[in-house]
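Read through the structure below, which is laid out as structure tokens, and then see the notes.
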Amino acid sequence: MLGLMQQQPLLISTLIEHAAQFHGRTEVVSSRVEGDVHRSTWAEIADRARRLANALTQLGVGPGDRVGTLAWNTHRHAELYFGVSGMGAVLHTVNPRLFPEQIEYIVNHAEDQYVFFDLSFTDLIRELAPRLTGVRGFVAMTDRAHMPALDVPNLLCYEELLAAASPEYTWPVFDENTASSLCYTSGTTGNPKGVLYSHRSTVLHAWTACAADGLSLSARDSVFVAVPLFHVNAWGIPYAAALCGAKMVLPGPRLDGESLYRLMRDEGCNFSLGVPTVWLGFFDYIDRQRATLDLAELALARVVIGGSAAPRALIERFDRELGAYVIHAWGMTETSPLATIGMPLRQHAGLPEAERHALQSKQGRAIYGVGLKIVGESGESLPHDGVAFGDLKVRGPWVVERYYGADASALDADGWFATGDVATIDPDGYVQITDRSKDVIKSGGEWISSIDLENAAVGHPDVREAAVIGVAHRKWQERPLMLVVLKPGAVLDAPALHAFLAERVAKWWLPDEIIAVDALPHTATGKLQKVRLRETYRAHQLPTDTA
Ligand code: AMP
């Protein structure tokens, strides 16, 4: 027997229409590429998304066509989120920090029909356009006065397109499983792979972001989106903010500590999201300007950190200096990305500070909709005792089934997706990511967590950032080598750092060597590039590796 309730597909257009109708006056504020701070509202975003849908229709874009973007976090990019997907086309957000050859590969692989770009990427478009043979036109996301001098086929002006289009548009209603957006994983080896989200997966995921034990985003929040709109749909925040009617603040190209600080202060942001490196820059600014800043002028109360492990030292700083609670979250492009979220349970009320920070250092619990398990080498499920660690597998309605263009499923025979991460799960369900499976250091048959060592190191007052890799060792197979970037003016005192670490990790985990470096390589999404580090130090001889 079927239920007798209305059938309404979960479509992205319903999010923006809800925001326009019930939160129409709530602001969307952007720091624009042109240099100004632009103020808009959900009603205006909806109006312009409808115009965009009309303009795209006139340009010949139809259902299922891919529309690429090379753009920062601005109101225009948000308009594309709703306009492109709402009309049934597929928004393909391209990470402009990738190498040009990778961008060329993914735009061609996705067969993007049009590419919308911010002025910052004019040179990139100039260089790439001749090789993007399937692209029918390039749209500069600006007004006529700021149009770049660029000789590419069919160069169009975003503001002119919108001005000429009607705001009257009836969003089409179609199957909620229709593709809505496409993101390619950065992929440390091989070509990037596309993850093709659907309207259904996107709306369900947005709901999760607004759930109390999700990210609890609500109409009372002013959310600062420091995670790029080209990084897994900004962790779903534009959709979630429309769903709940949160004020949304977008930093444009300005992700330096000072710009973040000022915009968050000026817009009363109480909630923010970003990868650890963004927050390191934020605190660098605070440290430099400490004497002149009144931190009480920041309203920040919740900060979501994900993308890489949030170092405990960062969690402590947010708590002690800003009174902000870090919600540590884990996910990946393939999981939309929200999968585990570090909200406390009832039993954690009144937890002593140190224990609370330890809890927050874990990556959180599975949210409804996400199934999780850890498995051993022969695929057997491992206990959730917080000690056993194994390959983390996930499944759920916003987890990938197969990559874009792939013939085969990305899942194992039982329908689980292997994340490539190694983790423990404790009896309360809190996941702790030990490492990417490729980054685990295998020493004498035991595993050492590079993430734990790195987090311990950045707790030292002289250390800004740390990376730990396994280096070949004749006796132990591999031993840890630690590379540290020191804070300005600090000098490496390796024995002192070693002693500091000895109080925090098991003795046999301690790095065999600590080297100070000027900078560490990062991927286009801000993660440590361990593959490159391992290549650089492949032939490195550790002082303990004596014949
Ligand atoms: P991406 O698909 O580029 O977002 O990368 C996903 C990967 O980032 C995951 O598989 C993890 O290895 C890593 N990651 C994401 N969030 C966290 C976190 N909170 N702690 C540790 N690693 C994380």
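The values are calculated or read from the model by the stated rules, or taken from the named source; none is laboratory data. Since the structure is predicted, the reported quantities are computational estimates derived from the model, not experimental observations. Positions of Cβ are backbone-derived with ideal geometry, glycine not excepted, and every protein chain shown enters the neighbour counts. What goes into the accessible areas is simple: the full protein's heavy atoms, side chains included, and nothing from ligands, DNA or RNA. Shrake-Rupley method; radii C 1.70, N 1.55, O 1.52, S 1.80 Å.
List of remarks:
- Only the Cβ atoms of Lys and Arg (+1) and of Asp and Glu (-1) were treated as charged; on that basis the dipole of the stretch 352-488 about its Cα centre amounts to roughly 340 debye.
- Summary of packing: across the peptides 347-355, 243-251, the per-residue average of other C-beta atoms within 10 Å ranks them, highest first, as 243-251, 347-355.
- Net charge contributed by nearby residues that have their C-beta within less than 14 Å of ASP213 (K/R +1, D/E -1): +2
- Accessible area of the stretch 259-309 belonging to carbon and sulfur atoms, whole % at 1.4 Å probe: 47
- Farthest toward the positive end of the dipole of the chain, out of ASN154, GLY445, PRO251, is the Cα of GLY445, where the dipole comes from beta carbon charges about the Cα centre.
- Treating r as the C-beta distance of ALA472 and LEU293 and R0 as 41 Å, the FRET efficiency rounds to 0.30.
- For the chain, the solvent-accessible area of protein heavy atoms averages 41 Å² per residue (probe radius 1.4 Å; ligands and nucleic acids excluded).
- Given charges at beta-carbon only (K, R positive; D, E negative), |dipole| of the stretch 441-536 in Debye: 280
- Amide proton proximity set for ASP435, modelled H, under 5 Å, gap of 5+: VAL422
- For the peptides 459-466, 316-323, the ranking by mean Cβ contacts within 10 Å, running from highest to lowest, is 459-466, 316-323.
- Selection from HIS498, GLN477, ALA466 lying farthest towards where the dipole of the stretch 464-503 points positive, charges on Cβ: GLN477
- Couplings 3J(HN,Hα) for the stretch 293-303, derived from phi with the Karplus relation 6.51 cos²θ - 1.76 cosθ + 1.60 (θ = phi - 60°), are 9, 10, 5, 5, 6, 8, 9, 4, 10, 9, 10 Hz, where x marks Gly and Pro.
- Acute angle (nearest 10 degrees) that the helix 42-58 long axis makes with the longest principal axis of the chain, alpha-carbon atoms: 70
- Note on exposure: PHE121, PHE99 ranked by accessible area (1.4 Å probe, complete protein assembly) read PHE99, PHE121, with the most exposed listed first.
- Nearest-20 debye value, the chain charge dipole, Cβ charges on Lys, Arg, Asp, Glu: 140
- What the Cα atoms of the chain give is an Rg and a Dmax of 23.5, 77 Å.
- Cα centroid of the stretch 340-386 to Cα centroid of the stretch 5-62, whole Å: 36
- Sorting 41-48, 329-336, 381-388 by their mean Cβ neighbour count within 10 Å, with the most densely packed peptide first, gives 329-336, 41-48, 381-388.
- Only one residue of LEU196, PHE389, PHE82 has its Cα farthest out toward the positive end of the dipole of the chain, where Lys and Arg carry +1 and Asp and Glu -1 on Cβ, and that residue is PHE389.
- In this simple spin-label approximation, SER381 and MET5 carry label points 7 Å from Cα along the Cα→Cβ vector, and these lie 2.8 nm apart.
- Computed E for ALA164/ALA418 - FRET, C-beta separation, R0 41 angstrom, nearest 0.05: 0.25
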